[in-house]
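See structure below.
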Amino acid sequence: MANTQHFNIPKPDTSADVDDEFYRLMDALDVVDAILFTLQTALGGKASSTHGHGIPDITGLEQALADKMPKDKPFSLDDLQDVEGAGDAALNYVLVKGVDGRWRPSSAAAAIGNHQHGVGDITGLAAQLSSIVSSLRDGVGSSLDTLKKIAAAINNDPNFAATNTAAMNGKVSKAGDEMTGNLLISKVNPMVRLHHPNVKVGELYVDANGRLIYRDQGGQVHFYIDTGGGIWTQQLGHLSDRIENRALAWANDRVANLAFRKTGHFSVTLGSGTHVYRYSGIVMDGVTTAGGTANPWELSHIHCAYLQAYDPVRGWVAFSG
């Protein structure tokens, strides 16, 4: 253990524990206190600090001051007797005292030389490193708590930000977007939900029977299209059945209300060489014979009428063609 040069006061021991040095420091302070008290007592009998002396009154002072350098004279480190090479030193070099007592420039690494310290040799280093690591992790899970794991998570892509941005630019935006390709939803009972807030939620989906169904949020089916292309609606039922039933009802109504009548009666007089042409839409409803004795069955007149049919939509319609 080392002591001070003049008063032999114990110095701190760099190899001892701080606890031990604390008590040694207390003892050293007691010694310093005693020395200061002694000086205070001795100075009590001395002259006041405000009294003056001329320079000649102090033996050797004039010569000592003459040997000193003026205060305004500039000088460099190399002007000192025990320093050499300071002016030519490289940037960030330090002065190192050699075994001959002279100071010379050197790099910090060369001055320190080869040496090693364990983490435990440096007070507080382990705790500081642990705090730094904890701050870097900041509560992240074990799957991403090292740089290696983070690199693996982003496929070791040094341009991950650009790659991710390019990938995101190819995605459909939730706020609305335009798709130029097909959209495939592959799952059991795939569904698209259409929501008008505070109005209605509609669901369009394909069921296990292959029907494309539209229903509301309460599960009420409004319509569907079956695998054969048939359409069913909540209001009308199967449209094909409804069309056929309506057509059949219409046809039955037409048949049930179908009627015929003859109208526009007229007669055609027959004479020698008379030609009778067929009139469009007429029927013959009687003949008149000449009644002569030579040829009692000779026809003198043909009696005709126009034939009409009753259509419930158009009313009475004459036959033609």
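No value in this document is a laboratory result; all are computed from the given coordinates. Owing to the predicted nature of the structure, the values given are computational and were not obtained by experimental measurement. For neighbour counting, all protein chains shown are included, and Cβ atoms are generated from backbone atoms with ideal geometry for every residue, glycine included.
Between SER142 and ALA166, the simple spin-label model (points 7 angstrom out along Cα→Cβ) gives 3.6 nm. Taking label points 7 Å from Cα along the Cα-to-Cβ direction, ILE243 and ASN209 give a separation of 2.0 nm. Estimated from the Cβ-Cβ distance and a Förster radius of 30 angstrom, the FRET efficiency linking ARG104 and ASN3 is about 0.45. Relative contact order of the chain: 6 percent, from C-alpha pairs under 8 Å at least 6 residues apart in sequence. Dividing the C-alpha radius of gyration of segment 147-286 by 2.2 N^0.38 Å, with N its residue count, gives 2.46.
Quick check: from the Cα gyration tensor, does segment 191-237 come out rounded (a/c under 1.5), prolate or oblate? Cα axes put segment 191-237 in the oblate bin. Each peptide among 283-290, 101-108 gets the average number of other Cβ atoms lying within 10 Å of its residues, and from highest to lowest they stand as 101-108, 283-290. The value of relative contact order for segment 1-45, using C-alpha pairs under 8 Å at least six residues apart, is 26 percent. Simple spin-label estimate for LEU36 and TYR310 gives 14.0 nm between the two label positions (7 Å along the Cα-to-Cβ direction from each Cα). For ALA2, the shell of other residues with beta-carbons less than 12 Å away shows a net charge of +1, using +1 for Lys and Arg and -1 for Asp and Glu. Counting 0.36 nm for each residue step from ASP121 to THR269 and taking away their Cα separation leaves a gain of 38.6 nm.
Of the Cα atoms belonging to the chain, the radius of gyration and Dmax stand at 63.0, 203 Å.
Within the listed set HIS301, HIS196, HIS53, the Gaussian network model of the chain (springs between alpha-carbon atoms below 10 Å) gives the highest mean-square fluctuation for HIS53.
Extension gain, LYS187 to LYS262, is 20.0 nm, computed as 0.36 nm per intervening residue step minus the present C-alpha separation. Using alpha-carbon positions, what is the distance between the centroids of segment 171-208 and segment 106-147, in Å? When both Cα centres are located, 54 Å separates them. For segment 191-237, averaging the sequence separation of C-alpha pairs within contact (under 8 Å, six or more residues apart) and dividing by the residue count gives a relative contact order of 23 percent. The Cα-based radius of gyration of segment 1-94, divided by its Kirkwood radius, gives an Rg/Rh of 1.16. With R₀ set to 22 Å, the beta-carbon distance separating ASN252 from PHE319 gives a calculated FRET efficiency near 0.45. With helices as the sole contributors, the chain gives -8000 deg cm²/dmol at 222 nm; each DSSP H run of n ≥ 4 counts as -39500 (n - 2.57), and the sum is divided by every residue.
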